[in-house]
1. I need every pair where a residue in segment 40-58 that is in contact (Cβ under 8 Å) with a residue 60 or more places away in the chain has its Cβ under 7 Å from the Cβ of a residue that is more than 9 Å from ligand 1 (Cβ to nearest atom) and of a type in the set (Gly, Ala, Ser), sequence separation at least 6 or different chains.
2. Could you check, for segment 7-28, whether at least one of its residues is within 16 Å of ligand 1 (Cβ to nearest atom), touching a strand residue (DSSP E or B) at 6+ places or on another chain (Cβ under 7 Å) and part of a helix (DSSP H, G or I)?
3. From the list 225, 179, 156, which one is more than 16 Å from ligand 2 (Cβ to nearest atom), in contact with a strand residue (DSSP E or B) (Cβ under 9 Å, 6 or more places away or on another chain), among the acidic types (Asp, Glu) and closer than 25 Å to residue 117 by Cα?
4. Suppose we filter segment 162-177 for residues that are at pLDDT below 90 and either under 14 Å from the mean Cα position of the chain (by Cα) or of a type in the set (Lys, Arg) (or both); how many remain?
5. Out of the residues in segment 17-35 that are crowded, with 21+ Cβ neighbours inside 10 Å and over 12 Å from residue 7 (Cα atoms), which is nearest to ligand 2 (Cβ to nearest atom)?
6. From the list 71, 52, 60, pick out the single residue that is within 16 Å of ligand 2 (Cβ to nearest atom), at pLDDT 95 or above, of a type in the set (Gly, Ala, Ser) and in the same structural domain as residue 218 (by TED's automatic domain parsing).
7. Name the single residue, out of those in segment 36-46 being buried (at least 17 other Cβ atoms within 10 Å of the Cβ) and farther than 15 Å from residue 62 by Cβ, that is farthest from ligand 1 (Cβ to nearest atom).
8. Please find, within segment 192-227, the residue that is surrounded by the most Cβ atoms within 10 Å (Cβ to Cβ) out of those that are in a loop (DSSP other than H, G, I, E, B) and at pLDDT below 90.
Amino acid sequence: MTNETVILEARNLLVLRGKREVLNIERFSLGKNEVVALVGANGTGKSTLLQALALLLHPAQGVVEFYGQKADNSNVLAFRRRMAFVFQEPLLLNTTVFDNVAAGLKIRGFPRREIPHRVGYWLEQLGISSLAGRHAHLLSGGEARRVSLARAFALEPEVLFLDEPFSALDFLTRIGLLEKLGELLSATGISAVFVTHDFFEVPFLTDRITVLKQGRLVKTGSFEEVFKIKPRRETFATSLYRIFQSE
Ligand SMILES: Nc1ncnc2c1ncn2[C@@H]1O[C@H](COP(=O)(O)OP(=O)(O)OP(=O)(O)O)[C@@H](O)[C@H]1O
Ligand SMILES: [Mg+2]
């Protein structure tokens, strides 16, 4: 793992909602192959920061740089095409699972002949090949989450933004998906920013944490530096999960 190359950097970022300042970030950066967990209480600006980094909103002030180049109207679409976003709600299209995963590739001009292979590969990675022909609106919550992850990974982005992708899932589904996501992130080396409320999720994906409080970055560092305890993936709950899986 190397963090020498900075992929994404935000500086002096100010975001207003109405006249209210909801985000005021001096500096945030993401290295190549790095995964950062963004944690903080409700309403503290996590989704707003994620959207600003993903170039989905215009800050009132400040810059976001992608590989050292300042994002502006001339390059924002090209930069966005190198990123993928998994929203808190899966936001699936009213069509099959296959077409949902293929849709982003079509929009990005991926060669049509290669789409079935790419989609098939990522459905398999997420363990949902058997759902390919199913209608996305009839899926369970956990299935829909897998589809939205497959859709994002199929784009093979350089940066992946994940906004609480596992909230409201049952515990066993959540652990299974966290383990899968951890494997995929380390196998692909995709850089990612991951928002969560649940600190226990963090060690599955990364050791880097940034804490937001009322729109400001108050802490950043390793799990141990931030929480003063060692991160542990194996907990009472994950042990129970393994027993349940092996039965
Ligand atoms: N579209 C909007 N219009 C007005 N205010 C907004 C809008 N979106 C967010 N806000 C406000 O901005 C602040 C930050 O919201 P944000 O969604 O970034 O928080 P969050 O940390 O993601 O919270 P949560 O954990 O609940 O998802 C909140 O006070 C919220 O009410
Ligand atoms: Mg949010």
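The values are calculated or read from the model by the stated rules, or taken from the named source; none is laboratory data. None of the values given here were measured: they were computed from a predicted structure. Every residue, glycine among them, receives a Cβ derived from its backbone with ideal geometry; neighbour counts consider all protein chains shown.
1. If the second residue must be more than 9 Å from ligand 1 (Cβ to nearest atom) and of a type in the set (Gly, Ala, Ser), the pairs left are 53/10.
2. Looking for residues that are within 16 Å of ligand 1 (Cβ to nearest atom), touching a strand residue (DSSP E or B) at 6+ places or on another chain (Cβ under 7 Å) and part of a helix (DSSP H, G or I), one finds none in segment 7-28, hence no.
3. Exactly one of 225, 179, 156 is more than 16 Å from ligand 2 (Cβ to nearest atom), in contact with a strand residue (DSSP E or B) (Cβ under 9 Å, 6 or more places away or on another chain), among the acidic types (Asp, Glu) and closer than 25 Å to residue 117 by Cα, namely 156.
4. The number of residues fulfilling the criteria is 5.
5. 23
6. Unique residue meeting the criteria: 52.
7. Only one residue tops the list, namely 36.
8. Only one residue tops the list, namely 207.
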